[in-house]
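The values are calculated or read from the model by the stated rules, or taken from the named source; none is laboratory data. Note that the structure is predicted; figures quoted are calculated from it, not measured. Because the Cβ atoms are built from the backbone with ideal geometry, glycine has one as well, and the counts that use them run over all protein chains shown.
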Amino acid sequence: EKLSPDYSDYAVEFAIAQLKSVKALDDSRYAENTARYLCEYKNLSKKGIVLELIKRGVDKQIAEDATQTLEYNPVETVAKIMLQKYQNYGEDEKIRRRMINALQRKGFSFREINDAIDYINEGDEDEM
């Protein structure tokens, strides 16, 4: 579609066929690689990853399938984010609310966030 105004239909079809033959136009592979990146480096939840993939033009089913292949523990991911960005979350209710809201915007459920808080607090008690 984007190439059609500048190139003949034959040239566009030929280019697409070539890209498909070398698997350069593989939505599944793109979705899996992008999902892995969003999980590891952007710390998004599975729900957040699916939404981001859909926003990038990937079919919903392909996006959901891509997240199924991830090795992912939401509680550990949330705990990691909390320890990196919100070390003082327990001292101030305002900071705690901001942290919870930010984590929910990343796609984490309230339950996952509370489980991560319990997970961190259990770790603190073990150290004492």
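Quick notes on this structure:
- For the range 5-28, the criterion of being among the basic types (K, R), assigned to a helix (DSSP H, G or I) and closer than 16 Å to I113 by Cβ is satisfied by no residue at all.
- The range 28-41: number of residues that are farther than 25 Å from M99 by Cβ and surrounded by 16 or more Cβ atoms within 10 Å (Cβ to Cβ): 5
- Looking across the range 57-72, the residues that are of a type outside the set (A, V, I, L, M) and either over 28 Å from G123 (Cα atoms) or at pLDDT 90 or above (or both) come down to G57, D59, K60, Q61, E64, D65, T67, Q68, T69.
- The range 81-96 residues that are within 15 Å of G123 (Cα to Cα), paired with ones that are surrounded by 15 or more Cβ atoms within 10 Å (Cβ to Cβ) and of a type in the set (G, A, S) (beta carbon under 7 Å, 6 or more apart): M82/A116
- Search result, residues across the range 74-121 that are under 26 Å from E32 (Cα atoms), among the hydroxyl-bearing types (S, T, Y) and part of a helix (DSSP H, G or I): T77
- Boolean, I16 is out of contact with any Asp or Glu (no Cβ under 8 Å at 6 or more places or on another chain) and within 30 Å of N121 (Cβ to Cβ): no
- Pairs, first in contact (Cβ under 8 Å) with a residue 60 or more places away in the chain in the range 100-118, second in a helix (DSSP H, G or I) and small (G, A, S), C-beta under 9 Å, six or more apart: K106/G48; G107/G48; F108/G48; F108/A116
- If only residues of the range 42-73 that are assigned to a helix (DSSP H, G or I) and of a type in the set (K, R) are counted, the one that is surrounded by the fewest Cβ atoms within 10 Å (Cβ to Cβ) is K55.
- Search result, residues across the range 74-118 that are surrounded by 15 or more Cβ atoms within 10 Å (Cβ to Cβ) and hydroxyl-bearing (S, T, Y): T77, Y86, Y89
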